[in-house]
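Only one structure is covered here, and it is reproduced in the block below.
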Amino acid sequence: MINLYNQKEMKRKQVFANKLLKVLVVGGVVTIAAVNPFFGLLAAKVIEEELKKRKWQRFRRDLYYLKRRGFIEVGQNPDGSYLVRATSVGKKQAKKYDLDDIFIKIPKKWDKQWRLIMFDIPVGKQKGRLALLSKLRQLGFIMLQKSIWAHPFECQNGVAVLARAFEVDKYVHQLTCDNISAGEYLKNEFEKRNNTKLN
């Protein structure tokens, strides 16, 4: 039970840290005053409410977490305030966080076509392959074969963004088809796993 609690706390910490990183990327160089540590950040609506609940000590831990991972640089001014900026690594991480916003729009009526995602990703890109597979499962794709996944709705742009972000785009191919021998299997599996009906 303790481990589960710690995992949830770590997840919440990472979610806020990613939001904070995104604000720093957009804001460029941000001055954080010692008297009011949230000065310069409160204009960011995406974290405004969370900042109001945080105390300076906890906020410093969030900054340290980002600094320790190489996502930000922190310098101190003579007046005690801090200058914070995102590093190139941090900017790259912020882009990956944006991937959480990717979703597949469900149309009112299914066009009876299947979108197949096929890939042959080399061993050297294993990390990117696993990241892509995780997102495909999250988006409701059904595995047809080990490296062939299917979805009934339009998703070409979203998959292309994912493939580029995980640096495997040249190994990923997309195909749309309206006649596939495993169509009934895919339909049943998609409806069962996604708790929906394809009309």
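Here, each number is a calculation from the coordinates, and none is a lab measurement. Remember, it's a predicted structure, so these values are computed and weren't measured experimentally. Virtual Cβ from ideal backbone geometry, glycine too; neighbours counted across all protein chains shown.
Observations on the structure shown:
- Using a cut-off of 30 Å between Cα atoms, the listed pairs LYS91/LYS187; LYS146/LYS192; LYS91/LYS112 include LYS91/LYS187; LYS91/LYS112 as exceeding that distance.
- Ascending count of other beta-carbon atoms within 10 Å, so fewest first, for SER88, SER181, SER134, SER147: SER181, SER88, SER134, SER147
- Subset of LYS92/LYS127; LYS127/LYS197; LYS125/LYS197 violating a 25 Å alpha-carbon distance limit: LYS127/LYS197; LYS125/LYS197
- Cα convex hull of the range 102-194 - mean projected area over all directions, nm²: 5.7
- Amide H contacts of THR87 (H built 1.01 Å from N, under 5 Å, at least 5 apart or other chain): ILE72, GLU73
- For the range 75-199, a simple Cβ point-charge model (Lys and Arg +1, Asp and Glu -1, everything else neutral) yields a dipole of about 120 debye relative to the Cα centre.
- Ranking of THR176, THR87 by count of other Cβ atoms within 10 Å, fewest first: THR176, THR87
- Put in order of Cβ neighbour count within 10 Å, fewest first, the listed residues VAL84, VAL123 become VAL123, VAL84.
- Here the Karplus curve 6.51 cos²θ - 1.76 cosθ + 1.60, taken at θ = phi - 60°, turns the phi angles of the range 83-89 into couplings of 9, 10, 9, 7, 7, 4, 5 Hz, with x standing for Gly and Pro.
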